[in-house]
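Just so you know, all these numbers are worked out from the coordinates, no wet-lab data involved. Quick caveat, the model's predicted, so the values are computed rather than measured. Heads up, the Cβs are rebuilt from the backbone with ideal geometry, glycines too, and the neighbour counts pull from every protein chain shown.
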Amino acid sequence: MANSPVESLDYFLTTTKQVRRRLDLTRQVPTDVVLECIDLASRAPIGGNLERNRWLLIDDAETRLALADLYSRFGRGYLEAGQKQIESMGNDSTAARVVESSMYLLEHLHEVPLMIIPIKLDRPGTTTFEQATYWGSVTPGVWSLQLALRARGIGSAWTTLHLQHEEDAAELLGLPVSVTQIALLPTAYFTGDGFHPARRRRAQEITYYNRWKEPVPAPT
């Protein structure tokens, strides 16, 4: 790993992935380490600096089992349908690996030692402006948490399948109807030495200049 601040930041930005298979299901995640990461994540941008984001940590075995059941009720059929669609479209190895790892996580979710549910203390609006300001005030903090965990050898994955049964999950967790569950992060120390940078399209291929689909000028 590189030593300069920029090289270190670039390293973690390019190697922080959604960890589904490589979660160590036998090792507990210390609460104090997670709280340290939440302290860092709370510095992420928040609209109006209104601190309306909360975090729910779940390590109780029965609660994790119940959440995993809610996750599976919708998730199994959803992933199986995705698997069939990929097979019908031909050889897409990247998409196939994602579905396979997602199915693995579904099968073992109840064994993951810690679940983290980010929460916002209100409900999203319906207009584009309301949606943009709502999610823009919470998702940066979740990503910051995942980065902070990654730097400490802890993997996580942004998942949302349990939200098809949001009300059941809220009742299970004692959440009031006025708050919103943002995601469910299965969290555990990851196995292996590290991760290779994710493969993505080049910036020049996905960036436009001043108008839709106008290419960025070449450097002079």
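Things to note:
- Candidate lysines for bridging to K120, where Cα separation is under 27 Å - those fewer than 8 sequence places away on the same chain excluded: K17
- Each of Q181, T133, P5 was scored by the projection of its Cα onto the charge dipole of segment 5-206, and the greatest displacement toward the positive side belongs to P5; charges sit on the C-beta of Lys, Arg, Asp and Glu.
- Cut-off 15 Å between beta-carbons: net charge of the residues surrounding R54, Lys and Arg +1, Asp and Glu -1: 0
- Dipole of the chain [Lys/Arg +1, Asp/Glu -1 at C-beta], most positive-end residue of L163, N49, Q85: Q85
- Note on the chain: percent of Cα-Cα distances in each 10 Å bin, starting at 0 and stopping at the bin with the largest distance, equals 7, 27, 35, 24, 7, 1, 0.
- Each residue of segment 131-139 was assigned a 3J(HN,Hα) from its phi angle through the Karplus curve 6.51 cos²θ - 1.76 cosθ + 1.60 (θ = phi - 60°); the sequence is 5, 5, 6, 5, 5, x, 9, 10, 5 Hz, with glycine and proline shown as x.
- Mean shadow area of segment 91-132 over all directions, Cα convex hull, nm²: 5.6
- Measuring nothing but how far apart in sequence close Cα pairs (under 8 Å, 6+ apart) lie, relative to its length, the chain scores a relative contact order of 34 percent.
- Residue exposure sequence - M115, M89 - by fewest surrounding Cβ within 10 Å: M89, M115
- Remark: segment 161-220 projects, on average over all directions, an area of 9.3 nm² (convex hull of Cα atoms).
- Comparing mean-square fluctuations of H110, H165, H196 from a GNM of the chain with C-alpha springs under 10 Å, the top value falls on H196.
- When the charge dipole of the chain is built from unit charges on Cβ atoms (+1 for Lys and Arg, -1 for Asp and Glu) and taken about the Cα centre, the candidate among H108, P30, G192 whose Cα reaches farthest toward its positive end is G192.
- Average 1/r across all pairs of distinct alpha carbons in segment 8-76, invert it, and you get the Kirkwood radius: 15.5 Å.
- Applying the criteria of a DSSP loop state and at most 15 other Cβ atoms within 10 Å to the chymotrypsin sites (Phe, Trp or Tyr not before Pro) of segment 70-109 yields no site.
- Lysines with Cα under 18 Å of K213, excluding same-chain neighbours fewer than 8 positions away: none
- Hydrodynamic radius of segment 72-196 per Kirkwood, over alpha carbon pairs, in Å: 16.5
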